[in-house]
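Scroll down for the structure; my scribbles are underneath it.
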Amino acid sequence: MKGIKAQIVATIGPATKDKEIIKEMIMHGMDVVRLNFSWGTYEEHAGYIKNVRESANESGKRIPIIQDLSGPRVQEKSGHEFNKGAVEVITEKDLADLKFGIEQGVDYIAMSFVGEANDIVKLREKMQGFGKVIPIISKIERKVALDNIDEIIKVSDAVMVARGDLGNEVPLEQIPFIEKDIIAKCKIAEKPVIVATQMMLSMTENVLPTRAEVTDVAYAIISGADAIMLSEESASGKYPLEAVEMMEKGIIEAEKHVQNLEINALKKFYY
């Protein structure tokens, strides 16, 4: 073991926008921040970024910020799904958001609904037009992405196993094995891999996670995940600090049971 634990990515939102709670989240083990650009205004996101940067500086920590682009999604009553009528995965909203993110100095761009390697290449070309190329996290949430996974990993800076939308495209019982396979491929390629969606979902409303959620965290770490992510649990949930703390405890315990642990940290670009 190299002395660095798997990292916790936490989504900042209305429940965690203030500096005081962001500093507490850093103290409780948050390593990386995600901003979900499917929601919120530029004014709100600029406030989040300012508070994260100031909180990190005051805590003496380096906290990378991920800007998660919306991609071609359509809202449904129960959430959202991929817009199957979309011609491109990079939307006009994405381009406006990307320009804003680059101006704000975000550290990573998470690209939604990646289908093939050329999607990442095109996004880098768009970045060049805005004057700065930022590391790209490819979100795996479509069946076509699974078909092209080797090529996608090759051109990505990091990968996210986005199990929510992926569960709309493949049978749910296949998700654990797809997750494990993608992690294994990323480890070989030495690319950071994040496991995301519903890891501590019950903590949106409850102070403790379910036993199944604790097991889910352990499975991701034992499988080799470099980072695991909180979404609505930390963005809008009632117990964001407790969610980060429980995730930290789960990581530490799981890593005791892993031999020769190697972590490809999301912070590696900044050290």
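A few comments on the model shown:
- Scanning region 87-126 for residues that are under 23 Å from Lys154 (Cα atoms), β-branched (Val, Ile, Thr) and either in contact with a helix residue (DSSP H, G or I) (Cβ under 6 Å, 6 or more places away or on another chain) or without any contact (Cβ under 8 Å) to a residue 40 or more places away in the chain (or both) gives Val89, Ile90, Val114, Ile120, Val121.
Residue-wise test of (1) touching a Ser or Thr at 6+ places or on another chain (Cβ under 8 Å); (2) farther than 14 Å from Glu125 by Cα; (3) at pLDDT 95 or above.
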site	(1), (2), (3)
Arg73	yes, yes, no
Glu76	no, yes, no
Glu81	no, yes, no
Val87	no, yes, no
Ile90	no, no, yes
Leu95	no, no, yes
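- Of all residues in region 149-160, those satisfying the criterion of being of a type outside the set (Gly, Ala, Ser) and either in contact (Cβ under 8 Å) with a residue 40 or more places away in the chain or in contact with a Gly (Cβ under 7 Å, 6 or more places away or on another chain) (or both) are Asp157, Met160.
- Every test in (1) surrounded by 17 or more Cβ atoms within 10 Å (Cβ to Cβ); (2) at pLDDT 95 or above; (3) within 25 Å of Arg73 (Cβ to Cβ) is passed by Lys23 save one, and that test is (3).
- Residues that are of a type outside the set (Lys, Arg), surrounded by 14 or more Cβ atoms within 10 Å (Cβ to Cβ) and over 27 Å from Glu88 (Cα atoms), drawn from region 47-70: Gly47, Tyr48, Ile49, Asn51, Val52, Ser55, Ala56, Ser59, Ile63, Pro64
- Total residues in region 195-216, condition in contact with a strand residue (DSSP E or B) (Cβ under 6 Å, 6 or more places away or on another chain) and over 12 Å from Thr11 (Cβ atoms): 1
- In region 107-117, the residues that are outside any strand (DSSP E or B) and either surrounded by 23 or more Cβ atoms within 10 Å (Cβ to Cβ) or at positive phi (or both): Ser112, Phe113, Val114
- Count of region 118-154 residues which are over 29 Å from Tyr48 (Cβ atoms), buried (at least 16 other Cβ atoms within 10 Å of the Cβ) and within 19 Å of the chain's Cα centre (by Cα): 3
The values are calculated or read from the model by the stated rules, or taken from the named source; none is laboratory data. Keep in mind that what you see is a predicted model, and the values were worked out from it rather than measured. For neighbour counting, all protein chains shown are included, and Cβ atoms are generated from backbone atoms with ideal geometry for every residue, glycine included.
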